[in-house]
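Below is one structure, written out as structure tokens; the observations come after it.
The values are calculated or read from the model by the stated rules, or taken from the named source; none is laboratory data. Only a predicted model underlies this, so the values are computations on that prediction, with no experimental measurement involved. So basically every Cβ, Gly included, is an ideal-geometry build from the backbone, and we count neighbours across all protein chains shown.
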Amino acid sequence: MRSSRFAISKSDSRDAGSISWLLAQTLWVGGLWLLHFLLLPAIAKIGLASLLVEEISDALRPLLVGLAAVCAGLQVVVLVRAESLTSLWRDTRGQLLLVVVVMAGSYFAVPRLLAGTELWLMFSYLVMAFCGLLLVLQPLPQRYVRKP
């Protein structure tokens, strides 16, 4: 029996899961850290007006938080497919991803409900960034680990 060249083998799906997990993680965790700890301080240091730096920050942070929510959602799907639905609240990776999704939701919801929420926005942004850092230290979901 001849296999189609378009058929996806079991190892290819394993590779696709691990690649999507790592790519999503790189995009949102790297983006959050890059903006807050590298890009904005560098822009402020080169001498741009503080209002301009604040304007850039106000424009880019919500975009990166939205990207973090979408990528964390993708990672939730990969984790559930690799292990089980219960791994979301029993596994450290699932707990971190749930915190990120909740913080991203609150980043957009709290300013609509309350006034003067600048501290909350910064808090939720930094919680997402540090959860991402902890997530980077976790292993890939078990199904996607290559066995020799």
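Key figures for this structure:
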| read-out | value |
| --- | --- |
| Filter pass, residue 40 being over 28 Å from residue 89 (Cβ atoms) and in contact with a helix residue (DSSP H, G or I) (Cβ under 8 Å, 6 or more places away or on another chain) | yes |
| Check on residue 85, out of contact with any strand residue (DSSP E or B) (no Cβ under 8 Å at 6 or more places or on another chain) and assigned to a helix (DSSP H, G or I) | no |
| Where a residue in the stretch 48-77 is in a helix (DSSP H, G or I) and its partner, wherever it lies, is of a type in the set (Phe, Trp, Tyr), with Cβ under 7 Å and at least six apart | 61/125; 65/107; 65/125; 67/28; 68/28; 71/28; 72/28; 75/21 |
| Odd one out for residue 145 among (1) within 19 Å of residue 18 (Cβ to Cβ); (2) at pLDDT 95 or above; (3) of a type in the set (A, V, I, L, M) | (2) |
| Cβ pairs under 7 Å, 6+ apart, first in the stretch 18-29 and surrounded by 15 or more Cβ atoms within 10 Å (Cβ to Cβ), second among the aromatic types (Phe, Trp, Tyr) | 18/144; 21/144 |
